[in-house]
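Notes follow once the structure below has been shown.
The values are calculated or read from the model by the stated rules, or taken from the named source; none is laboratory data. Computed from a predicted model, the values in this text were never measured in an experiment. For neighbour counting, all protein chains shown are included, and Cβ atoms are generated from backbone atoms with ideal geometry for every residue, glycine included.
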């Protein structure tokens, strides 16, 4: 079996592909990506970290559509955590690849950026 060397996001198809070092697809997964408020930028990013069972920080200061009086809140790991069971941090601050507790939403545009997979 060939080893994974990189990933590629196809925004138009809402797919994440795992590639070997020759650029051949080893696997593909449906994803959701940022919508018009936080679109996924074109270009290269690096994976900076991986966190299993992450805590999610809801920070209205980072969200373009947060209610005016929203407060910063920590959401503990678990089935209702908005980032799912694994966070893969990217070199663009506050962006990552992560799961979702709402798998029916995968494959559609999201408003708050990131790349969502099913858990």
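For first residues located in region 40-55 and on the phi > 0 side of the Ramachandran plot and in a loop (DSSP other than H, G, I, E, B), partners that are surrounded by 13 or more Cβ atoms within 10 Å (Cβ to Cβ) and at pLDDT below 95 and lie 6+ apart or on another chain with Cβ distances below 7 Å form the pairs 53/77; 53/85. Residues of region 85-97 that are touching a residue at least 24 places away in the same chain (Cβ under 8 Å) and under 17 Å from residue 59 (Cα atoms): 87, 89, 92, 94, 95. Scanning region 57-72 for residues that are surrounded by 10 or more Cβ atoms within 10 Å (Cβ to Cβ) and in a loop (DSSP other than H, G, I, E, B) yields a total of 7. Looking only at residues in region 5-38 that are without any contact (Cβ under 8 Å) to a residue 60 or more places away in the chain, surrounded by 13 or more Cβ atoms within 10 Å (Cβ to Cβ) and part of a loop (DSSP other than H, G, I, E, B), the one that is nearest to the chain's Cα centre (by Cα) is 11.
Of the residues making up region 39-52, those that are surrounded by 13 or more Cβ atoms within 10 Å (Cβ to Cβ) and within 20 Å of residue 80 (Cβ to Cβ) number 1. For region 73-118, a residue qualifies if it is in a strand (DSSP E or B), under 17 Å from residue 55 (Cβ atoms) and in contact with a helix residue (DSSP H, G or I) (Cβ under 8 Å, 6 or more places away or on another chain), but none of them does. Residues in region 73-94 that are closer than 19 Å to residue 115 by Cα, modelled with pLDDT of 90 or more and loosely packed, with under 14 Cβ neighbours inside 10 Å: 91 only.
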